[in-house]
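The values are calculated or read from the model by the stated rules, or taken from the named source; none is laboratory data. Keep in mind that what you see is a predicted model, and the values were worked out from it rather than measured. Quick reminder, even Gly has a Cβ in these numbers, built from the backbone with ideal geometry, and neighbours come from all protein chains shown.
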């Protein structure tokens, strides 16, 4: 995955983006969960934060407007520390 940069303002998607699904993407023995409409060519860009990239991540990041932090996981490998957070819709 590629670092997109910081997401320091709360993203608010229009109500037309409200249908959410959970997708599971596998990479080797690791899994990554992406919640929200799957981004495809022709997707409504208003449903995604600026500079969104389906194979990227924001760091630091915050949950979208109205979402809450459900859980988090801290991982340290070598000198790199990473925190992943799961955001749940209202």
- Task: Give region 43-90 a look and list any residue that's assigned to a loop (DSSP other than H, G, I, E, B) and in contact with a helix residue (DSSP H, G or I) (Cβ under 9 Å, 6 or more places away or on another chain), or say none.
- Result: 44, 48, 52
- Message: Looking at region 35-51 only, could you name the residues that are under 13 Å from the mean Cα position of the chain (by Cα) and either surrounded by fewer than 14 Cβ atoms within 10 Å (Cβ to Cβ) or at pLDDT 75 or above (or both)?
- Response: 38, 47, 48, 49, 50, 51
- Could you list, in sequence order, all residues of region 56-78 that are in contact with a strand residue (DSSP E or B) (Cβ under 6 Å, 6 or more places away or on another chain) and farther than 19 Å from residue 89 by Cβ? 56, 59, 73, 74, 75
- When the residues of region 10-31 are filtered to those that are loosely packed, with under 10 Cβ neighbours inside 10 Å and modelled with pLDDT of 75 or more, which remaining residue is farthest from residue 48 (Cα to Cα)? 15
